[in-house]
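The values are calculated or read from the model by the stated rules, or taken from the named source; none is laboratory data. Predicted, not measured: the structure shown is a model, and the values here were computed from it. FYI the Cβ positions are ideal-geometry reconstructions off the backbone, even for glycines, and counts take in every protein chain you see. When the accessible area is computed, the model is the full protein with side chains, heavy atoms only, and any ligands, DNA or RNA have been set aside. Shrake-Rupley method; radii C 1.70, N 1.55, O 1.52, S 1.80 Å.
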Amino acid sequence: MVAFDDIALGEASPAEARHVIRDALADGSTRAAESVYRALRAWTWKCLSDGRRDEELRIWHEIMSRTGAYLEVDHRTLADKIGVLKELISESITASERLSVQEVLQRGHVRDILMEIFREPNRRAYRAALLRNFGLGQANLSRVLNLMTVAGLIRRTSFGKHATFSLTAVGLRAAKLIAEAETPAPGPRRAGLTTTYHMPDPVKHQGAQQVRHSKDLLHPTRSASRYEPAAFSKAVAG
């Protein structure tokens, strides 16, 4: 059974989270409302830490919006706090609209650097090592790394004068897709034939369930239109 811990750890789907939050708020107690807020706060922190830029953020944004509206009358302070979380998610959504993962992956050196980090034992690489391995100038490397950071592919960690870059969940997914695409398809090879490569099938995302009013919170009334994303970019974002 899905619980608040599953939401906090990012292991609950939006649909599962709706049911947990709906059942908790039906209790009407301050304790239940606080539990909802703490779970959404932890989920937001994990989302930002992972650098997520996927379509599902819009569904979570709506869940927070409806939850905040429901709590507005009896739990105004908690409603305001959830509003702050919603704004943070809104910033991630805006960032994804400005610069898609697919667009960034087409830029020079991005895929090479992504795969370099992916092949490291801990999926983490020092900036100095990237500078040395790719032979880029300081300014050029900074531009590429900043681009990848904004797109949510990598995150930066500083240690005094040193900095490391590690893959986010989005970056790891992108690297795995690239690695799979570069893997020869199974089967016998015959002389004179070129190696066949394959890309994973597109990932289709189910649209959000919508609600009509804050007092009807989290009771879906209709299904949003189904997403039909492009094969690579949406599979990465999924």
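A single entry from R58, R41 fulfils the requirement of being assigned to a helix (DSSP H, G or I), surrounded by fewer than 21 Cβ atoms within 10 Å (Cβ to Cβ), at pLDDT 95 or above and out of contact with any Pro (no Cβ under 7 Å at 6 or more places or on another chain): R41.
The set of residues from the range 135-150 being at negative phi, out of contact with any strand residue (DSSP E or B) (no Cβ under 8 Å at 6 or more places or on another chain) and not charged (D, E, K, R) comprises L136, G137, Q138, A139, N140, L141, S142, V144, N146, L147, V150. Scanning the range 150-175 for residues that are at pLDDT 85 or above, surrounded by 15 or more Cβ atoms within 10 Å (Cβ to Cβ) and within 20 Å of the chain's Cα centre (by Cα) yields a count of 14. What about R127, is it at pLDDT below 85 and over 19 Å from S49 (Cβ atoms)? No, not satisfied.
Once the range 176-185 is narrowed to residues that are of a type in the set (A, V, I, L, M) and surrounded by fewer than 16 Cβ atoms within 10 Å (Cβ to Cβ), the residue that is nearest to D112 (Cα to Cα) is A179. For the range 28-38, check the following and say yes or no: at least one residue is crowded, with 17+ Cβ neighbours inside 10 Å, in a helix (DSSP H, G or I) and in contact with a Lys or Arg (Cβ under 9 Å, 6 or more places away or on another chain). Checking the range 28-38: at least one residue is crowded, with 17+ Cβ neighbours inside 10 Å, in a helix (DSSP H, G or I) and in contact with a Lys or Arg (Cβ under 9 Å, 6 or more places away or on another chain). Residues in the range 1-19 that are in a helix (DSSP H, G or I) and open to solvent by 20 Å² or more (accessible area, probe 1.4 Å): F4, D5, D6, A8, A15, E16, H19.
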